[in-house]
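Student: First, the structure itself, so that you have it in front of you.
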Ligand code: 13P
Ligand code: SF4
């Protein structure tokens, strides 16, 4: 087994262990929620702060971001919005790499997260020392990493991509005759490789949420809903992607749902996306893609255990106390900024990221 295979494999047990120990969010009555929301709104004004949430966090946090002039979006757009916003504190509801990306782009701002324990299995499965060793073994290749990585891994990369721009960036590198090291998501990597025919060698990480979507159960569901269109996030397994009418990032899935004439959409991504999807297509029937049947080993059941750690309670406490700030070593930040800006500039040129996003 190569280094790219052994490290993610070895880390799987510790990732599973972390998931098993994730503490569920506290139950709050509607009155308690309303009380927290009032207090958070007051603090946001007082501290000149704005909430930026990923589509996968709980509905009430997405609603809070919307109601207070913040933003709900995919990982690329979240960082871009924060960098362009006038607030001096960004409250990032999502997972750690999203907070770090915001800090890389906005070092002068205070970045607060409801919890610093919200990780990502792709990030955890790609430690800098081992990944760097893997890259050193292939010095003739461009290092292309997914945004779901640590600031140190980003600093080691030539290019950063998200699922909204990976095909275009890899195609661009192919046109320049480049060979690629890809990390860490093997499913997204395989999808890009199939699409572009690029010469890519891959780190074997995976997303514990999307990895659970199952082909057999999806096929059964499709038989029951023959008119449905299937929308799939590319972190899903290859066989599930092969069934998709549309493959794209979270934001692109919502846009595809809006364009679709189908009365029913089967959606293979974290069910947090349904909050925005319901707003976008209120008349359609939305069905989550199945995460497994009798043989399932589902750890996540289509909801990211780390995204679920963001709550009204820990958001309120972090904002009130100014804790859970993201700090990044300045030298590493500057190195990571280069491939990040490269991606943002490229995405703007290609019209993937527009001024209207922010
Ligand atoms: P997006 O870039 O599509 O928002 O994906 C981020 C993520 O973590 C998906 O699992
Ligand atoms: Fe990471 Fe998957 Fe959670 Fe996204 S859904 S943050 S890729 S573990």
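Student: Can you spot a residue in the range 86-93 that is closer than 20 Å to residue 309 by Cα, touching a residue at least 60 places away in the same chain (Cβ under 8 Å), within 15 Å of ligand 2 (Cβ to nearest atom) and in contact with a strand residue (DSSP E or B) (Cβ under 9 Å, 6 or more places away or on another chain)?
Tutor: Taking the range 86-93 as the starting set, the residues that turn out to be closer than 20 Å to residue 309 by Cα are 90-93.
Still in the running and touching a residue at least 60 places away in the same chain (Cβ under 8 Å): 91-93.
Applying the additional criterion that residues be within 15 Å of ligand 2 (Cβ to nearest atom) yields 92-93.
Next, from what is left, pick out any that are in contact with a strand residue (DSSP E or B) (Cβ under 9 Å, 6 or more places away or on another chain): 92-93.
Scanning the range 86-93, I find at least one residue that is closer than 20 Å to residue 309 by Cα, touching a residue at least 60 places away in the same chain (Cβ under 8 Å), within 15 Å of ligand 2 (Cβ to nearest atom) and in contact with a strand residue (DSSP E or B) (Cβ under 9 Å, 6 or more places away or on another chain), so the answer is yes.
Student: Return the pairs, sorted by first residue and then second, in which the second residue is in a strand (DSSP E or B) and buried (at least 24 other Cβ atoms within 10 Å of the Cβ), the first residue lies in the range 59-82 and is free of Cβ contacts under 8 Å to residues at least 12 places away in the same chain, the beta carbons are less than 7 Å apart, and the residues are 6+ apart or on different chains.
Tutor: If the second residue must be in a strand (DSSP E or B) and buried (at least 24 other Cβ atoms within 10 Å of the Cβ), the pairs left are 66/72.
Student: Of (1) surrounded by fewer than 16 Cβ atoms within 10 Å (Cβ to Cβ); (2) within 16 Å of ligand 2 (Cβ to nearest atom), residue 282 satisfies all except one. Which?
Tutor: (2)
Student: On to the next question. Would you pick out the residues in the range 180-197 that are touching a strand residue (DSSP E or B) at 6+ places or on another chain (Cβ under 7 Å) and surrounded by fewer than 20 Cβ atoms within 10 Å (Cβ to Cβ)?
Tutor: Residue satisfying the conditions is 193 alone.
Student: Sticking with this structure for a sec: Taking the range 134-163, which residues are away from ligand 2 (no atom under 14 Å from the Cβ) and within 18 Å of residue 186 (Cα to Cα)? Even if it seems obvious, please write down each step before you answer.
Tutor: Narrowing the range 134-163 to residues away from ligand 2 (no atom under 14 Å from the Cβ): 134-144, 151-152, 154-160.
If the condition is that a residue be away from ligand 2 (no atom under 14 Å from the Cβ) and within 18 Å of residue 186 (Cα to Cα), then 134, 135, 138, 141, 142, 143, 144, 154, 157, 159, 160 are the ones that fit.
Student: From the list 38, 51, 57, pick out the single residue that is more than 15 Å from ligand 2 (Cβ to nearest atom) and surrounded by 16 or more Cβ atoms within 10 Å (Cβ to Cβ). Let's see the steps before the verdict.
Tutor: Numbers: 38 fails: surrounded by 16 or more Cβ atoms within 10 Å (Cβ to Cβ); 57 fails: more than 15 Å from ligand 2 (Cβ to nearest atom).
Unique residue meeting the criteria: 51.
Student: Check every one of the strands (runs of 3 or more DSSP E) wholly within the range 24-141 and list those with 3 or more residues that are modelled with pLDDT of 95 or more and within 16 Å of ligand 1 (Cβ to nearest atom). Full working, then the answer.
Tutor: Working: elements: 49-54, 71-73, 89-93, 110-112.
Qualifying strands (runs of 3 or more DSSP E): 49-54.
Student: Within the range 117-130, can you find the residues that are under 21 Å from residue 208 (Cβ atoms) and more than 16 Å from ligand 2 (Cβ to nearest atom)?
Tutor: Looking only at the range 117-130, we keep the residues that are under 21 Å from residue 208 (Cβ atoms), and these are 117-128, 130.
Hits for the range 117-130 are 128, 130.
The values are calculated or read from the model by the stated rules, or taken from the named source; none is laboratory data. The model shown is predicted, which means the values in this text are computed figures rather than measured ones. FYI the Cβ positions are ideal-geometry reconstructions off the backbone, even for glycines, and counts take in every protein chain you see.
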